[in-house]
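*Asks:* Structure provided below as structure tokens; questions to follow.
The values are calculated or read from the model by the stated rules, or taken from the named source; none is laboratory data. Please read these numbers as outputs of a predicted model, since none were measured by experiment. All Cβ positions, glycine included, derive from the backbone under ideal geometry; neighbour counts span all protein chains shown. What goes into the accessible areas is simple: the full protein's heavy atoms, side chains included, and nothing from ligands, DNA or RNA. Shrake-Rupley method; radii C 1.70, N 1.55, O 1.52, S 1.80 Å.
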Amino acid sequence: MNVLLDHFSDFRDGFIGTVSITAISSAIALVLGVLIAGFRVSPVPPLRFFGTLWVNLLRNTPLTLLFLVAFFVVPEILFPGMSPFVLGALALGFYTSAFICEAVRSGINTVPVGQAEAARSIGMTFSQTLRIVVLPQATRTVLPPLSSIFIALTKNSAIAGAFSVADLFGWQKLMSEQGYDIVPIFLWVALGYLVITFTISGIFRLLESRLEVAR
């Protein structure tokens, strides 16, 4: 208990850092994932090729390797001076977008083909059909896997702590270097992650119940 009371401000900053990088990378992953899912079901072959390449490349690349590229290659070539927080959020967001893409694409495939055909028959474009007709119907199917993906993203954010991002894992490193017992440190870190993951799970359960009531 003393390790938390004596360094509560550092723990608080680490917790806020974990929440922040989780929220920002989740937003990046969601936007990119839905966009790439649209590419994967697009009637335009180059877009389908790009979407397939994106998913296969990112899903089969170890996340740690992606962080190494983000922190040591990207600043040298594209964006020098970018903060570790932004680089970590981008690495997490890009990596997770591949998994969100596949979850959304699976949801799209559950919508009867006749729905899209009916939309096209009244003159809707592909993007209009996807946005107005298909995605709203696919949302209920997509929510459960998205919950698991965002919980996994929260746990994956611990890797950012090894790259100078202020989060719970970074607080654990700081306390360990100061000689505190590792067991209570890990217990408090685990509790912090549990609070975040249970919150995410609760939000998605609420969304699922709302959609079931509205059905």
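*Asks:* Scan the range 107-125 and report the pairs whose first residue is under 21 Å from Leu35 (Cβ atoms) and whose second residue is assigned to a loop (DSSP other than H, G, I, E, B), with Cβ atoms within less than 7 Å and a gap of 6+ or a chain change.
*Replies:* Filtered contacts from the range 107-125: Ile108/Val41.
*Asks:* Something else about it: Can you tell me how many residues in the range 24-46 are assigned to a helix (DSSP H, G or I), open to solvent by 60 Å² or more (accessible area, probe 1.4 Å) and of a type in the set (A, V, I, L, M, F, W, C)?
*Replies:* The qualifying residues number 4.
*Asks:* For the range 80-102, check the following and say yes or no: at least one residue is open to solvent by 40 Å² or more (accessible area, probe 1.4 Å), among the aliphatic types (A, V, I, L, M), at negative phi and touching a Pro at 6+ places or on another chain (Cβ under 7 Å).
*Replies:* yes
*Asks:* Can you tell me how many residues within the range 136-170 are surrounded by 21 or more Cβ atoms within 10 Å (Cβ to Cβ), touching a Leu at 6+ places or on another chain (Cβ under 9 Å) and not small (Gly, Ala, Ser)?
*Replies:* Residues that pass the stated criteria total 5.
*Asks:* Keeping to the range 174-207, report how many residues are surrounded by 15 or more Cβ atoms within 10 Å (Cβ to Cβ) and not hydroxyl-bearing (Ser, Thr, Tyr).
*Replies:* 10
*Asks:* On to the next question. Which of the residues spanning the range 7-42 are closer than 30 Å to Asp181 by Cβ, touching a residue at least 24 places away in the same chain (Cβ under 8 Å) and among the small types (Gly, Ala, Ser)?
*Replies:* Of everything in the range 7-42, those that are closer than 30 Å to Asp181 by Cβ, touching a residue at least 24 places away in the same chain (Cβ under 8 Å) and among the small types (Gly, Ala, Ser) turn out to be Gly14, Gly17, Ser20.
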